[in-house]
Amino acid sequence: MTLVEHYALPEQIYGAALVFARVGAFCMLIPGIGETSVPINIRLAFSLLLAMVLYPIVRASLPPIPSTVDGLAGQVTIEVLIGLAIGVLLRLFLASLAVAGEVVSLQTTLSFAQTANPTEAQPTATVGSFLTLLGMTLIFATNLHHVFLAGVIHSYALFPAARAAPVGDFGHLAVRMTGETFALGIQLSAPVMVFSLVFNVAAGFIGRAMPQFQVFFVATPLTVMLGLSVFALGLGVIGLLWLDRYRAFAERLA
């Protein structure tokens with residue numbers, strides 16, 4: 001008869017704490033569970049549960065308990081930095097929808113229409129809030145969040161515990177991701193930008209040909225109506241394109 005220990009050894013407690021340090025920092029920033037609207041107690045409870053699930057998987061790669069306080073603090077700090085870096089990269093890609101929403105709002109004269117964004121602590125443009133919520137819905141509807149969790153597990157193969165964090169590589173990747181995020185946001189809003197350019201040029205020609213015609217009085221409501229119509233027609237393509245690019249990026253991490 002095999003006896004089951006009813007207590008945890010110090011090595012097990014320390015290893016689980018290291019896993020919780022990385023997973024907890026990661027869960028504070030990832031889309032969905034890491035939103036400011038989610039109570040911090042729920043995020044911490046989810047992080048603890050996820051750490052308990054992942055600990056048996058990555059237990060063999062965890063280091064022993066260091067003999068000094070400095071070594072212990074250094075290992076925990078490294079784990080927190082790695083978790084924060086992965087979470088920031090995933091959160092940064094989500095900002096492409098906010099960029100697209102801001103551009104669409106500017107082109108349709110709706111930049112002053114502000115709505116409380118549940119994913120942020122401040123109101124943002126209505127179109128941007130709508131696109132952000134659309135992105136969050138697509139993430140969970142297509143089980144993309146499973147790829148996020150797989151990325152955490154794979155991070156222990158790329159960045160073993162207690163090893164020096166590649167801060168320089170993370171910095172270069174963050175800078176490149178910022179440029180790619182902005183470029184993707186412009187690409188997603190390209191149909192509305194093209195419409196706005198053509199419409200404004202046409203309105204300028206009309207105003208030049210008929211100076212007595214009230215161009216702005218007629219053009220403003222048409223800009224809103226036609227611009228939002230073009231945006232609505234391309235909404236499916238916007239969602240699928242963004243989701244495909246996001247999945248490709250997340251799978252590179254996983």
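All of the numbers you see were taken from the coordinates with simple rules; none came from a lab. Every value quoted in this text rests on a predicted model; they were computed, and no experiment measured them. Neighbour counts are summed over all protein chains in view; Cβ atoms, including those assigned to glycine, are modelled from backbone coordinates with ideal geometry.
Observations
- Unit Cα scatterers, Debye sum, the range 141-254: log10 I(q)/I(0) for q = 0.10, 0.11, 0.14 Å⁻¹: -0.53, -0.60, -0.77
- Computed over the chain, the P(r) curve from all C-alpha pair distances, binned at 5 Å from the origin, holds 1, 6, 11, 14, 14, 12, 10, 8, 6, 5, 4, 3, 2, 1, 1, 1, 0, 0, 0, 0 percent per bin.
- Order by protection proxy (mean Cβ within 10 Å, highest first), peptides 88-94, 214-220, 33-39: 88-94, 33-39, 214-220
- Extension gain from ALA190 to ALA73, taking 0.36 nm per residue of separation minus the Cα-Cα distance: 37.3 nm
- By average C-beta atoms within 10 angstrom, highest first, the peptides 43-55, 200-212: 43-55, 200-212
- With θ taken as phi - 60° and the Karplus curve 6.51 cos²θ - 1.76 cosθ + 1.60 applied, the whole-hertz 3J(HN,Hα) list for the range 170-179 is 5, x, 4, 5, 5, 5, 5, 5, 4, x Hz, x standing for glycine and proline.
- Highest mean packing first, where packing is the average number of other Cβ atoms within 10 Å per residue, the peptides 98-107, 12-21 line up as 98-107, 12-21.
- Residue-averaged 222 nm ellipticity for the chain, from DSSP H runs of 4+ at -39500 (n - 2.57), nearest 500: -25500 deg cm²/dmol
- Between the beta carbons of LEU106 and ASP169, assuming R0 = 41 Å, the FRET efficiency works out to 0.70 to the nearest 0.05.
- Per-selection Kirkwood Rh - the range 20-150 (Cα, Å, 1 d.p.): 16.6
- Between the beta carbons of ALA209 and LEU240, assuming R0 = 35 Å, the FRET efficiency works out to 0.30 to the nearest 0.05.
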